[in-house]
Amino acid sequence: MGDPFAMAITHAHASGMGGMRAAGDLVARVQMTLGMKIEDAKKYVADKLKVAISELTDPVIINEIRQDMQLGVMTPTPGCAKGMEAKFRIAEALDIEINCVNRFKQRASF
Amino acid sequence: MGKIVTRYGDGTPVELSESELMEDLRAGTEDAADRGNIPPLTDDELKHLLDIFKLPQKFVSVEPGNEVIMSYDAGTLKIRRVGVNVDRIQALQIYEKIMGADTMELCHVDYSFKPLKPIVTMEQPIMEQALMSTHVPLFYGAMPNLGLYSQPDGPFPNPSELLPSGKINEARESLEKTVEDAVKDIVFVGGAMYESGADGINLDTVGAAGDADFLASLIAAEKLRGKYPKMCIEMSMAGEFILGMHGRLEYKGVRLAGLYAHDQVKLAEKAGVTIFGPVVNTNTTESSPWNLARAITFMKACGETATIPIHPNMGMGVGAVTVNDHPPVDIVSRSSKAMVELVRLDGL
């Protein structure tokens, strides 16, 4: 319960990692896939993206990296990886398995 | 010294002097310490909380670099609930692209595993389509909700009717049967959604129907972990304390009734849960400082014992967030900041 302005938006601004606006979704994936505590998950992603841990929530720095690595961006431009395409790249960049990417490969391969 | 504007647990504004506020902080942490048999917050931690409440800004936040992951229960319901007429995939995209969500959860309006079982084949394609067009990790979530397994909603005699008439053994027997059925439903639906590509399954509001509810969730998590070793399983609790509706149910030799978060998390770990979501309820007649100090005391004990990531619940009515459909930003942001800064946690 609680309206989204009060709950989701307030928490996201007060203490969230910004989702795919920065590297929040990537840290979340590592935590969910490898069961890492937050500091380990942040370090893992920072090392993979070759940035400092403090830069993981910087939208300017991370957006450039996401564009370069085709990891999906908030404002999709023509030709950039989107949705499932970006998740293929995320799995590769973070060296983790993504359930739906594996499923897509199984369904799409001949 | 001027008054500090804060609120009661129902959101009503109140002005407290610095000494009154500190008194409430101390009473809140002592209440938690007494109930949970855990250490109270230190003087430095209470001072830190006082400083957060004294900040003049309406909105406050953690310092850069200290941010944590956000996970959401009943994710897509929250958009429909406020009357915004978008479908669920659009709701996921709104959270992802407009609200900065780190993860998101697809769910059905009938948010329990039992009613989802017969319609899971209608849920799977939604998840499969959502996964094609979104980027953040997607959970599929629902509640164990063991209340749905007793009459008149389910097949088994209602323990809430049996207990007042002194039929203790019959009530216990009924609860044990609900556990068996609930486990089957959770494993069936959770497995189906995972096989459709979900990044994780969220067992939400666990323990709402008491110790049988918690037991069903632990057994279901164990079975899902056995069947899908790589699945992310999040277990989010309903309340701070496991109600002993049965009273004698155990998991791996530990009696479930009466457990607080720091003991609940150890069982979640044994069951193979990936992320644990502990809860502390908000008391509407106490102040926000009292509630926040109390919530942080419980969560600190949980965070210090947990070896798996924990995401304390900070939604309406829990984690010192006020019991009101429109929780004020001043209290939500203060609670958010304080929880992250004082508890060894991994997300909210």
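FYI, it's all coordinate maths here, none of it is from the lab. Since the model is a prediction, treat every value here as computed from it, not as a measurement. Backbone-built Cβ (ideal geometry, glycine too); neighbour counts: all protein chains shown.
Axis angle, to the nearest 10 degrees, between helix B:43-54 and the longest C-alpha principal axis of chain B: 80 degrees. Tally Lys/Arg at +1 and Asp/Glu at -1 over every other residue whose Cβ is under 11 Å from the Cβ of B:SER236; what's the total? Charge balance in the 11 Å sphere: -4.
The Rg/Rh ratio of the range B:174-308, with both radii computed over alpha carbons and Rh defined as the Kirkwood radius, is 0.99.
For peptide B:319-328, the mean count of partner chain Cβ atoms within 10 Å of a residue's Cβ comes to 3.
The peptide list B:6-15, B:91-100, B:327-336, B:208-217, put in order of mean Cβ contacts within 10 Å with the highest first, becomes B:208-217, B:327-336, B:91-100, B:6-15. Across the cross-link table entries A:LYS87/B:LYS78; A:LYS48/A:LYS105; A:LYS50/B:LYS97; A:LYS37/B:LYS97; A:LYS37/B:LYS266; B:LYS117/B:LYS227, which are compared at the Cα atoms, the separations over 21 Å belong to A:LYS87/B:LYS78; A:LYS48/A:LYS105; A:LYS50/B:LYS97; A:LYS37/B:LYS97.
Electrostatic bookkeeping for B:GLY191 treats Lys and Arg as +1 and Asp and Glu as -1; over the other residues with beta carbon under 12 Å from its beta carbon, the sum is +3.
For chain B, the longest principal axis of the C-alpha atoms and the axis of helix B:288-305 are separated by about 60°.
Electrostatic tally near A:ILE9: other residues with Cβ closer than 12 Å to its Cβ, Lys and Arg +1, Asp and Glu -1, net 0. Between B:ASN37 and B:PHE59, residue separation times 0.36 nm minus the direct Cα-Cα distance comes to 4.6 nm. Rounded to the nearest 10 degrees, the angle from helix B:211-227 to the longest Cα principal axis of chain B is 70 degrees. Excluding same-chain neighbours fewer than eight residues apart, the lysines reachable from B:LYS47 by a Cα-Cα span under 25 Å are B:LYS3, B:LYS58, B:LYS300, B:LYS337.
Per residue, the convex hull around the alpha carbon atoms of the protein assembly as shown comes to 144 Å³. By other beta-carbon atoms within 10 Å, ranking B:SER287, A:SER54, B:SER165 with the fewest at the front produces B:SER165, A:SER54, B:SER287. Build a GNM of chain A with springs between Cα atoms under 10 Å apart, and of A:THR75, A:THR33, A:THR57 the one that fluctuates most is A:THR75. Of all DSSP bridge pairs formed entirely within the protein assembly as shown, close to 30 percent run antiparallel.
Calculated mean residue ellipticity, 222 nm, chain B: -14000 deg cm²/dmol, from DSSP H runs (n ≥ 4) at -39500 (n - 2.57) each, averaged per residue and rounded to 500. For the range A:19-108, the relative contact order is 26 percent, taking Cα pairs closer than 8 Å that sit 6 or more residues apart in sequence and dividing their mean separation by the residue count. Between the range B:36-83 and the range A:7-21, how many Å separate their Cα centres? After rounding, the separation between the Cα centres reads 11 Å.
What the Cα atoms of chain A give is an Rg and a Dmax of 14.7, 48 Å. Each part reduced to its alpha carbon centroid, the range B:244-271 and the range A:53-105 end up 40 Å apart. Mean-square fluctuations from a GNM of chain B, with a 10 angstrom spring cutoff on Cα atoms, peak among B:LYS223, B:LYS184, B:LYS270 at B:LYS270. Cross-link reach is defined here as a Cα-Cα straight distance under 15 Å, omitting same-chain residues fewer than 8 places apart; for B:LYS252 the aspartates and glutamates meeting it are B:ASP211, B:GLU222, B:ASP263, B:GLU269.
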